[in-house]
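Data block below; observations after.
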Amino acid sequence: MRARLMDHLVPMGQLAVAAVAGGALLATDAVAQSAREATPYLAIENEPPPKLIVDPPLAAALTQGIVWIQYRVENVHIVPVFGTGALNVSPRVGHLHIHFDDLPWLWADPSGVNTIDLAGVPPGQHKVRVDLVNANHQAFPGCAMCSQTVTFTVPETASTAHPH
């Protein structure tokens with residue numbers, strides 16, 4: 001039976017047959033890939049610190065006065081959950097605070113859509129600071145990569161009416 005089963009196997013990508021034991025076929029990926037990530041069902045022991053990665057705005061949109069800044073986070077889930085009760089959940093949760101041109105106000109973004117979208121930005125040089133914060137609006141302890149600032153210039157020829 002074992003030889004016959006092996007004769008009928010068709011290779012799938014880099015999947016290689018590891019063993020046939022007790023009538024069940026066991027397989028392993030040649031690159032040892034896994035779907036294993038943080039599961040919401042178990043607390044994570046010694047969670048690594050959160051990290052924020054922010055790209056410069058997409059250049060093509062700047063000519064229209066639109067600023068699209070893409071970002072991603074690691075070791076934290078961006079969700080609309082707030083308050084001290086959420087500080088001890090695992091995997092950890094948080095959201096973004098977005099500051100535009102050193103204005104005295106900011107906005108919180110718990111959407112997790114991975115793109116900050118600003119429209120009707122006037123021509124000139126601007127900066128956006130993005131802070132990754134916990135559910136209580138505070139910096140994560142020990143997080144060296146939780147605040148990023150991008151500077152950019154909207155060209156003088158940019159449209160002041162935003163098309164979206």
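The values are calculated or read from the model by the stated rules, or taken from the named source; none is laboratory data. Small disclaimer: the values here were computed from a predicted structure and weren't measured. Every residue, glycine among them, receives a Cβ derived from its backbone with ideal geometry; neighbour counts consider all protein chains shown. Just so you know, the surface numbers come from the protein's heavy atoms only, side chains and all, with ligands and any DNA or RNA stripped out. Shrake-Rupley method; radii C 1.70, N 1.55, O 1.52, S 1.80 Å.
Quick notes
- Matching option when the condition is modelled with pLDDT of 95 or more, basic (Lys, Arg) and either out of contact with any Phe, Trp or Tyr (no Cβ under 8 Å at 6 or more places or on another chain) or open to solvent by less than 70 Å² (accessible area, probe 1.4 Å) (or both), among 72, 36: 72
- Of everything in segment 145-154 that is among the aliphatic types (A, V, I, L, M) and open to solvent by less than 20 Å² (accessible area, probe 1.4 Å), the residue that is farthest from residue 105 (Cα to Cα) is 154.
- Residue match in segment 130-150 (condition: of a type in the set (Phe, Trp, Tyr), at pLDDT 90 or above and either over 19 Å from the mean Cα position of the chain (by Cα) or more than 22 Å from residue 39 (Cα to Cα) (or both)): no
- Residue check, residue 57 touching a Leu at 6+ places or on another chain (Cβ under 9 Å) and under 13 Å from residue 130 (Cβ atoms): yes
- Criterion violated by residue 95 - all others in (1) open to solvent by 20 Å² or more (accessible area, probe 1.4 Å); (2) under 25 Å from residue 47 (Cβ atoms) satisfied: (1)
- Exclusive hit being at pLDDT below 95 and touching a Phe, Trp or Tyr at 6+ places or on another chain (Cβ under 7 Å), set 61, 43: 61
- Criterion: in contact (Cβ under 8 Å) with a residue 40 or more places away in the chain and not in a strand (DSSP E or B) - qualifying residue of 80, 91: 91
- Restricting 120, 124, 142, 112 to residues that are open to solvent by 70 Å² or more (accessible area, probe 1.4 Å) and small (Gly, Ala, Ser) narrows the list to 142.
- Taking every residue in segment 131-154 that is on the phi > 0 side of the Ramachandran plot and pairing it with any residue that is acidic (Asp, Glu) and crowded, with 19+ Cβ neighbours inside 10 Å, at least 6 positions away or on another chain, yields no pair with a Cβ-Cβ distance below 7 Å.
- Residue match in segment 99-106 (condition: open to solvent by less than 60 Å² (accessible area, probe 1.4 Å), in a strand (DSSP E or B) and closer than 15 Å to residue 68 by Cα): yes
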